[in-house]
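Read-outs: derived from the displayed coordinates by stated rules, not from any lab. Just so it is clear, the structure is predicted and the values come from calculations on it, not from any experiment. Cβ sites come from the backbone with ideal geometry, for glycine too, and all protein chains shown count toward neighbours.
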Amino acid sequence: MVARGRAADRLLDHAEYAQLIVVGSHGRGGFAGLPLGSTSQALITFASCPLLIARHD
């Protein structure tokens, strides 16, 4: 499935029906050293299901 738009918005659309959301994070927020990017931050704040954020350092 291909969806257009902001990644966080599309994932949150599916969160209501999901048992788990798994995403990766590069930590590429607006400032150096931020541990998570904007998509991960939005999911932490608004997801209605469990969330797993996998990081590769």
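For Arg55 and Gln19, a Förster radius of 30 Å and the Cβ-Cβ distance give a FRET efficiency of 0.90, rounded to the nearest 0.05. Asp13 sits among other residues whose Cβ lies under 13 Å from its own Cβ, and their net charge, with Lys and Arg +1 and Asp and Glu -1, is +1.
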